[in-house]
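Engineer: Quick one: this structure, given as structure tokens, is what I'll be asking you about.
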Amino acid sequence: METAEKYDVVPGEIMVKKERYTIGMFVSGIVDSFTTQLCRGVMRAAEEADLDVVVLPGKYLFRDLSGTPEYQFEYQYGTVFSHIQKNNVDGLIIAAGCIGCMTTEEKMRQFLKNYSDIPSVLVASRMDGYTCISYDNQNAVCEGLEYLIEKAGCKYICIIDGPDGNTDSQERKAAYLKTLRKYGLPYQAKQCAHGDLADSQATRQAMAALILDNPRMDAVFCVNDDMAIAAYEVLKKQGLEPGRDVKVLGYDNIQRSLTMDPPLSTIAADPVLLGMKAVEYIQKKMMDEPVENVTLPSRFVLRESFGTMDEIRQGKTLGGLKHLIEDFNTVFYRYINGRKQEEAEETCALFSEFVRTLLTPEDEFQDFFNTKQKVLKQLDDFILTDAMSYMDLDELLYYLDRQRAEALHVRGATLEAEAALEELWNEIYRRLILAVDKRFGDMSHLQGVMKGEMKNFVRETMNFRNGSSKSYAAFLNYLSWLQIRNAYLYRFERTVRLKDGYPFPVQDMYYMKAVCKNGVVRTIPEFRQLVYQEDLFDNREMGKERRCMVLLPLFFGEENYGLLLCDLTEGLFVEGEFVVSQLGAAAHMLHILQMNEKIQEELKKHLEVTQRENIALDKLSRYDGLTGLMNRRGFLETAESRLEEWRQEGKDFLIAYMDMNYLKQVNDRFGHEEGDFSLCEMGKILQSVMPEHAVLGRIGGDEYACACAVENAQITETQLPQKLKKVFEQFNRESDKPYLLSASAGIYVVKTEEEKTLAQALAAADERLYQAKQQKEPKWLKAEDV
């Protein structure tokens, strides 16, 4: 199909001819199994149709993050959607059932209105008024449940469903209820527990509730495979064996479903086909051709989570010559999904030749030796393709067992034939084992190489010498380990500080700080950095080649700095979120350097610690998430270093151990929010009292510690308690809180000539703290509240 030609004008430059359409693609997490396969389908079809693609992984819209501190800044991913406008994409493919699985249909419709002027197709969702491509969530689910009832003898089947606003979850639950009614099986509300399509902890709680409320449960249907993974964990933790004590059915047939113990019976819904069909339909919509909603087929995949191999294989018909293509599709469906049709057909032909030769009747060959050599040559040719890397190992082993029996049947059952076949099959298995072993060896080697490259990436992206624009090149210098050869780093005109629930301001312009073009990284001069919104995905540094890219946000906490537009590669499907995290942290560090070059030496020390922690993939934080002060680990490490410096400079130093008074009473009477407020204010007060060079940390629940040099009479052992008392009194006078904020302090000054360690100095300060707490004010409420 020919595409219409477009013309874009770059301000200040000549008119540039744009020869292909650009498709935007809204998905959830870039490393999600479903998203990965969906993207592969879109990428494959876009290549054939000569379309540019930009994938925008925005996680989950309107997700309530209040109870999940580990995800508290996940909302920042959703800001990438705000960069899409009619002037920079020609069509949208929106995985509405994924990005909207945490919200209501009403809110999802409000979101979609923002893009009503852009041709769009919704995938994995059904919504009136939109062109939708979705799965058949009925027939295959019913088939799987019917197997549980008819073949496995299950009588009490439960379900873990998803959010009410997710149409896939609703339809799969409807199929579940329909099947129970068909067989007259009981259903009560307690047989259904609500999980979370993206949060495994919520699903674990749902599974635990099902076990507690339904002691007769003999099977459970999870509306996606990720939920089934969490269900397995809970079953095993409670001494129940999946497949034996409780049968488990999932949905999606993700890669991990095959390697679970036992392998998971599931519904294979092909996201690759979904992506390819979406590209077909979005092209029609961009050309104003009429389109209708489409439902893609799904199929039931039987594995050991429904019982033992002997139990589940009764009735399977794999084997023989009759269904060769169907058998190839069953064993190597992941390979087929990731390849062009011509390539997949050629590989299937090699496989078919191997099987046909293997099953040729004996009387058609004069020399069995020649037959054997031909079979093995055909097997070797097949192994040289990379289909073995995408096989369903369980199905392959079963298939080979059936072919072995078929070969014995067609060649006769003489002892000589059996011996010859035994020798041949032993060699076939040996070569397959070597191929699988080589595959795992190659994977192990690749993982080792990637680990080393990852270390370089972590080190270099956190190792800025200054805050100049040239430092942005470091963001792109070490992306080759992810097979990224083209990348564009955009900075917003101003850093955007964004809280959850607030809209992201539309950016009309961006500053392209650095580019990587065909593996060559360079910094962009300031006079060429400006890029307008309409050129975001087609800037002047890009060539005319077709592009398949991903747009990633650069954020750290509430601060959003810019964007990374780069090649979408297989490496990003594995490490994409790590890259976002690492580059976001790097952008944050660079921002700090740009704001204050004077703290460069201090930052280098923090960077060295961060590098060591990141290289070891140690995600432990050195700072307290509530107060922003150092935590115990951060305080001790930093104080040890400072103490050594002060000793070398011949300075005395002060160690203070402080304890907030009456925290338990504040928590008990006014709630933990007030307690947290008090802890934060305590930290602010201590920061205001202590010298600028002081090392300050919250090292326990209500305990704080400080280390500082005693110089120029800035602070002394007697002055500190007085200053603290004065500041607390002022705070309490101005505060509208019904309680009084105060603290007890134990202070110990270490003279230069003393050889006390930090631990010893802290212990001495702690003893004085104990004495101070005996003399604390008994009053903790203001007079009017007593």
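Engineer: Assuming R0 = 30 Å, can you tell me the calculated FRET efficiency for the pair Ser688 and Asp668, based on Cβ-Cβ distance, to the nearest 0.05?
Structural biologist: 0.60
Engineer: What spacing in nm lies between the two simple spin-label points modelled at Arg497 and Lys779, each 7 Å away from Cα in the Cβ direction?
Structural biologist: In this crude label model, Arg497 to Lys779 measures out at 3.7 nm.
Engineer: Right, something else. 7 Å from Cα along Cα→Cβ at both Thr295 and Arg633: what's the point-to-point distance in nm?
Structural biologist: 5.2
Engineer: If I stretch the segment between Arg647 and Lys374 completely, what's the gain in nm (0.36 nm per residue apart, minus their alpha carbon distance), one decimal?
Structural biologist: Between Arg647 and Lys374, full extension yields 90.2 nm more.
Engineer: Using a/c under 1.5 as the rounded threshold, could you call segment 483-600 rounded, prolate or oblate? The axes a ≥ b ≥ c are square roots of the C-alpha gyration tensor eigenvalues, and prolate needs a/b larger than b/c, oblate otherwise.
Structural biologist: rounded
Engineer: Would you please give the residues with an amide H less than 5 Å from that of Phe556, counting only those at least 5 places away or on a separate chain, with H modeled from the backbone geometry?
Structural biologist: Here Tyr561 satisfy the definition.
Engineer: Sticking with this structure for a sec: With a Förster radius of 22 Å, plug the Cβ-Cβ distance of Glu534 and Glu343 into 1/(1 + (r/R0)^6) and report the FRET value to the nearest 0.05.
Structural biologist: My answer for the efficiency is 0.05.
Engineer: Hey, another quick one. So between Asn114 and Thr757, what do we pick up on full extension, going 0.36 nm a residue minus the alpha carbon distance?
Structural biologist: The span from Asn114 to Thr757 would gain 225.3 nm if fully extended.
Engineer: Quick one: if you stick a label point 7 Å off each Cα along the C-beta vector at Gln719 and Tyr130, how many nm between them?
Structural biologist: The answer from the label model is 6.4 nm.
Engineer: Considering only Cα-Cα distances, which of the following residue pairs are longer than 31 Å: Lys372/Lys438; Lys107/Lys182; Lys59/Lys438; Lys113/Lys178; Lys499/Lys737?
Structural biologist: Lys107/Lys182; Lys59/Lys438; Lys113/Lys178
Engineer: Determine, for each peptide in 630-638, 379-387, the mean count of other beta carbons within 10 angstrom over its residues, then list the peptides with the highest first.
Structural biologist: Output ranking for 630-638, 379-387: 630-638, 379-387.
Engineer: Each residue of segment 245-259 in turn: what ³J(HN,Hα) in whole Hz from Karplus with 6.51, -1.76, 1.60 and θ = phi - 60°, glycine and Pro shown as x?
Structural biologist: Those phi angles translate into 7, 9, 6, 10, 10, x, 8, 2, 6, 5, 4, 5, 4, 6, 9 Hz.
Engineer: Going from the alpha-carbon gyration tensor of segment 110-209, what semi-axes, largest first and in whole Å, does one get by taking the root of 5 times each eigenvalue?
Structural biologist: 31, 18, 10
Engineer: If you average 1/r over every pair of different alpha-carbon atoms in segment 158-264 and take one over that average, what Kirkwood value in Å do you get?
Structural biologist: It works out to 13.7 Å.
Engineer: With a cap of 14 neighbouring Cβ atoms within 10 Å, and only residues DSSP puts in a loop, list the trypsin sites (Lys or Arg not before Pro) found in segment 69-134.
Structural biologist: Here the sparse-neighbourhood loop sites are Lys86.
Engineer: Multiplying the sequence separation of Tyr71 and Ala174 by 0.36 nm and subtracting their Cα-Cα distance, what value in nm do you get?
Structural biologist: Value of the extension gain: 34.0 nm.
Engineer: Of the accessible area of segment 628-774, with the probe set at 1.4 angstrom, what percent is carbon plus sulfur?
Structural biologist: Accessible surface attributable to carbon and sulfur in segment 628-774 totals 46 percent.
The values are calculated or read from the model by the stated rules, or taken from the named source; none is laboratory data. This structure is a prediction, so every number in the text was calculated from the model and none was measured. Please note: Cβ atoms are built from the backbone with ideal geometry, for glycine as well, and neighbour counts cover all protein chains shown. Surface areas here come from the heavy atoms of the whole protein model, side chains and all, with no ligands, DNA or RNA. Shrake-Rupley method; radii C 1.70, N 1.55, O 1.52, S 1.80 Å.
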